[in-house]
Amino acid sequence: MSAIASPLFKWYVGSAAVDNGADLFGMNPFLSQEEKKEMIQKILDQACILDTKKVRIFSGFKPDVGNYPLPQEESELIKYALDVASLKGVQLMLENEPVCYISKLEDYIKMFSSGEYVGLRAWFDVANVYEEGQRISSADLKALSPYIDYLHVKDPEG
């Protein structure tokens, strides 16, 4: 089955902006809430046109290196995207990107196990865990396994 590796949620939240060197996929990361909703609709419509049922998303750029909670406005936007995706029969899959809010393994596991983001699945990038200076235990994998639909394996040095 194919998937769209979209840039959704690879944008700044509120006025927080820092040059994090992230790949922006040619997308403007400074969007209003309305523009973000339009982008969500557009990419989910494209998934339907392409008959692709899985779309990767991120969780918004965090302001700096460190651990920050997911802002409420971003949380609500993810829930909005999940609702739209559900209506279109599309599955949203969250990647644990180091420059984004949900990057640390414990936050990633908590997001899925909270029950707050119904329908969200994992686009789990193993190398990103190591890039965050963490290790993966068998307990971590067991906690994540019910949510993983896509396992992204790459050489973080390559």
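The values are calculated or read from the model by the stated rules, or taken from the named source; none is laboratory data. Worth saying up front: this structure is predicted, and the values here are computed from it rather than measured. Counting neighbours? That spans all protein chains shown, and the Cβs are built from the backbone with ideal geometry, glycine included. Quick note on the areas: whole protein, heavy atoms, side chains included, nothing else; ligands and nucleic acids left out. Shrake-Rupley method; radii C 1.70, N 1.55, O 1.52, S 1.80 Å.
Numbers at a glance
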| quantity | calculated |
| --- | --- |
| Which listed residue, of R121, R135, is closer than 17 Å to R56 by Cβ and not hydrophobic (A, V, I, L, M, F, W, C) | R121 |
| Test result for S6, open to solvent by less than 30 Å² (accessible area, probe 1.4 Å) and either aliphatic (A, V, I, L, M) or at pLDDT 90 or above (or both) | yes |
| Qualifying residue in the range 108-121 (condition: touching a His at 6+ places or on another chain (Cβ under 9 Å) and either under 26 Å from L31 (Cα atoms) or at pLDDT 90 or above (or both)) | no |
| Residue ID - surrounded by the most Cβ atoms within 10 Å (Cβ to Cβ), chosen from residues in the range 60-77 that are in a loop (DSSP other than H, G, I, E, B) and touching a Lys or Arg at 6+ places or on another chain (Cβ under 7 Å) | Y68 |
| Output for the range 40-55, where each listed residue is surrounded by fewer than 22 Cβ atoms within 10 Å (Cβ to Cβ) and either at positive phi or not in a helix (DSSP H, G or I) (or both) | L50, D51, T52, K53, K54 |
| Which listed residue is farther than 24 Å from L151 by Cβ and modelled with pLDDT of 95 or more, from V90, V18, V55, V84 | V84 |
